[in-house]
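Novice: Have a look at the structure that comes next, please.
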Amino acid sequence: MRSVGGAGLALCLASYAAAQALPSSEFALAGEPVQGGLVTGTAPGGTTALTLDGRSVPLASDGRFILGFDRDQAAQALLVARLADGGTLQRPIRVSPRSWRIERVNVALRPSSPDFLRIRRGELARIAAARIGISASEGWRQRFIWPARGRISGVFGSQRIYRGEPGSYHSGVDVAAGAGATVIAPADGVVVLAGPPAFSLEGNLVIVDHGMGLNSSFLHLSRVDVREGQTVRQGQPIGAVGATGRATGPHLHWGMKWGDARIDPQQLAGPMG
């Protein structure tokens, strides 16, 4: 292999950077599209707007974007770029299915009481309002880390079937880190919701917006160490593991959403190590 001197190497790097800066006429996607997964991408040059299956996709100034696929995402999705010249480019996306942990139990699904449903409507409205805005955070660009460490006691997508009637699937990952263990931000973000008051199911809840429509929620906290509107950095403490709300014991429930799509945090954080 021919060696390259300092000046030659600098020229090669400059040429490569220039080539990379040229507008592309194709989509570039990184990562495998799977149910509950997230991929990053770069839009074709001249793109002014993006949609995925007709829903708007936030687009960064450098043409980067992210796509999230719900646990029940169909096998096919369509990404469309609208160009400055009025034209469009389409990219069909094949989304791989996953196998979910399903438990069938021979008991009936218990209906919720009218009083609980009335309280719950207000709580869900507050959570939805917190997720409406999209912050300018760049946390979505980072490699996510685990907000707490311990035994994984609940996995994303698992579900119980009660005498043929499906219950709600588990929308996050549970980490049995021990009562009082510190919970940290898995990536940069802005706190868009922080208790009190506690929620009936989630207990003390914190939601962090990582930008581009991606956010993390941290449930059952014994203590909240951040306030709404606060900017947090990756690794910064945001609270402590607890058993508030509807929890059978101390643990952290970490959930993620991209728009309306629920995302598996393990897909982003990888093995705990």
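The values are calculated or read from the model by the stated rules, or taken from the named source; none is laboratory data. No experiment lies behind these values; they were computed from the predicted model shown. Glycine also receives a Cβ, built like all others from the backbone with ideal geometry; neighbour counts cover every protein chain displayed. For the accessible areas, the whole protein counts, side chains as well, though only heavy atoms, and no ligand, DNA or RNA atoms are used. Shrake-Rupley method; radii C 1.70, N 1.55, O 1.52, S 1.80 Å.
Novice: Starting from the Cα gyration tensor of the range 142-273, take the square roots of the eigenvalues, sort them a ≥ b ≥ c, and report rounded, prolate or oblate (rounded when a/c is under 1.5, otherwise prolate if a/b is larger than b/c, else oblate).
Specialist: Cα axes put the range 142-273 in the rounded bin.
Novice: Then there is this: For the range 62-99, which trypsin sites (Lys or Arg not before Pro) pass both filters: DSSP loop (anything but H, G, I, E, B) and at most 16 other C-beta atoms within 10 Å?
Specialist: Listed in order of number, the matching sites are 98.
Novice: What is the angle, in °, between the Cα long axis of helix 6-21 and the longest principal axis of the Cα atoms in the chain? Nearest 10 is fine, range 0 to 90.
Specialist: For 6-21 against the chain, the angle is about 60 degrees.
Novice: Assign one of three labels to the range 51-193, namely rounded, prolate or oblate, based on the Cα gyration tensor with a ≥ b ≥ c the square roots of its eigenvalues; rounded applies when a/c is under 1.5, prolate when it is not and a/b is larger than b/c, and oblate otherwise.
Specialist: prolate
Novice: Contact order normalised by length for the chain, with contacts defined as Cα pairs under 8 Å and 6 or more residues apart; what percent is it?
Specialist: Once divided by the residue count of the chain, the mean separation gives 17 percent.
Novice: When the accessible area of the chain is split by element with a 1.4 Å probe, what percent falls to carbon and sulfur?
Specialist: 53
Novice: May I pose another question? Going by alpha carbons, how many degrees (0 to 90, nearest 10) lie between the helix axis of 114-132 and the longest principal axis of the chain?
Specialist: 20
Novice: When a/c reaches 1.5 or more, the comparison of a/b and b/c decides; with that in mind, is the range 69-124 rounded, prolate or oblate per its Cα gyration tensor?
Specialist: Oblate is the answer for the range 69-124, as a/c is 1.5 or above yet b/c matches or exceeds a/b.
Novice: Of the listed values (i) 37, 23, 19; (ii) 31, 21, 16; (iii) 64, 24, 12, grab the one calculated as semi-axes √(5λ) of the Cα gyration tensor in Å from the structure here.
Specialist: The calculated read-out lines up with (i).
Novice: Please calculate how many Å² of accessible area the chain carries per residue, with a 1.4 Å probe and no DNA, RNA or ligand atoms counted.
Specialist: Using a 1.4 Å probe on heavy atoms only, each residue of the chain averages 52 Å².
Novice: Please report the antiparallel percentage of the DSSP beta bridges confined to the chain, to the nearest 5.
Specialist: 90
Novice: Still on this structure: Sort 160-167, 244-251 by packing, meaning the average of other beta carbons within 10 Å per residue, with the highest value first.
Specialist: 244-251, 160-167
Novice: Show that you can apply the helix-only estimate: for the chain, add -39,500 (n - 2.57) for every DSSP H stretch of four or more residues, divide by all residues, and state [θ] at 222 nm to the nearest 500.
Specialist: Calculated at 222 nm, the ellipticity per residue is -4500 deg cm²/dmol.
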